[in-house]
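The values are calculated or read from the model by the stated rules, or taken from the named source; none is laboratory data. In this text the structure is predicted, and so the values were computed from the model without any measurement. For neighbour counting, all protein chains shown are included, and Cβ atoms are generated from backbone atoms with ideal geometry for every residue, glycine included.
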Amino acid sequence: MMQWAIAATWPFGQSAVRVGSRLLDQGMSGLDAVEQAIRAVELDPSVDSVGVGGVPNCEGEVQLDAALMRGQDLAVGAVAGVKGFPNPISIARLVLEKTPHHLLVGEGAERYADAYGLERGPLLTASSLETWRKRREKQAQAEDPSLGGGHDTVGVVALDMNGDIAAGTSTSGLALKLPGRVGDSPLVGSGFYADNAAGAAVGTGCGELIMRGCLSFAIVELMKGGASAQQACEEALNRLICRLEQCLPVRNATEDMTKMAVLAIDQKGNVGAAANHGEFDFAYQTARDRELRIIRARIIA
Ligand code: ASP
């Protein structure tokens with residue numbers, strides 16, 4: 001029997017870790033734990049970058065991306081640009097288990113969810129609408145012409161009692177994004193990766209940069225080569241920073257559109273994390289040490 005462990009991005013990942021820990025402790029699979037953990041965050045309207053209450057795109061609509069990966073067989077289920085479903089992670093689960101495909105987008109994903117009777121529901125809240133209006137005004141006045149402020153992802157990595165590893169993500173993506181924009185979070189190898197042979201990783205931050213380095217795959221490959229979860233996160237992120245800084249100011253990032261962070265777990269449940277800014281905290285709990293900890297990631301400076 002392995003000792004379970006689970007970690008989730010950002011302090012709001014605490015609720016994910018709490019739900020996931022309980023399930024892992026009951027002997028449930030890492031995949032179930034990650035799905036249920038993410039559902040808890042998706043349904044929390046106070047988390048303004050995931051599921052209900054997530055940030056709307058430039059047309060005021062919330063379009064969600066989510067993904068799940070199973071480390072036993074590298075199976076993936078992902079959805080992108082989904083509207084009207086509070087729990088896109090459960091559509092991703094259906095894609096993983098019931099289809100021969102790995103990624104469904106937009107209307108196709110929504111129709112598939114309807115066929116399985118997944119619950120529809122409103123995603124906009126009074127507060128997300130208000131924030132959207134203010135952002136649009138600012139943008140129109142060209143005070144802040146940039147896209148993207150105020151984005152995050154709940155990314156969860158878990159090891160279960162059978163030694164199986166899983167990863168999952170869910171996000172509304174960048175604020176004021178163009179309709180149809182897809183970030184790193186539903187892209188296998190970029191926003192998430194899980195392989196029982198080494199561990200799992202997830203990313204959060206500017207998806208357009210994370211996907212340029214296929215960061216999650218890079219981290220898992222480094223762990224496969226013998227790096228610890230911490231070494232792998234630092235090495236993969238530093239390699240991407242070194243490459244990108246030749247053309248972009250990505251070291252010691254201060255702008256939302258250049259911030260990146262990664263979180264990984266290894267086959268023993270040890271975690272690692274790194275960011276190119278000083279604001280990335282993650283939540284972590286293990287069977288060994290039952291205390292839910294909030295940990296600040298190492299900064300790559
Ligand atoms: N990576 C997400 C995206 O680009 C956003 C985030 O995690 O901050 O859609």
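Quick grid of which residues meet (1) in contact with a helix residue (DSSP H, G or I) (Cβ under 6 Å, 6 or more places away or on another chain); (2) not basic (Lys, Arg):
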site: 239; (1), (2): no, no
site: 247; (1), (2): no, yes
site: 255; (1), (2): no, yes
site: 262; (1), (2): yes, yes
site: 274; (1), (2): yes, yes
site: 291; (1), (2): no, yes
Residue check: is residue 250 buried (at least 23 other Cβ atoms within 10 Å of the Cβ), within 17 Å of residue 6 (Cα to Cα) and either within 16 Å of the ligand (Cβ to nearest atom) or of a type in the set (S, T, N, Q) (or both)?
no
The listed residue being touching a residue at least 60 places away in the same chain (Cβ under 8 Å) and out of contact with any helix residue (DSSP H, G or I) (no Cβ under 9 Å at 6 or more places or on another chain), out of 106, 20
106
Among the candidates 142, 201, single out the residue that is more than 9 Å from the ligand (Cβ to nearest atom), over 29 Å from residue 107 (Cβ atoms) and either among the β-branched types (Val, Ile, Thr) or modelled with pLDDT of 95 or more (or both).
201
Does residue 238 satisfy the criteria of being surrounded by fewer than 23 Cβ atoms within 10 Å (Cβ to Cβ), of a type in the set (S, T, N, Q) and part of a loop (DSSP other than H, G, I, E, B)?
no
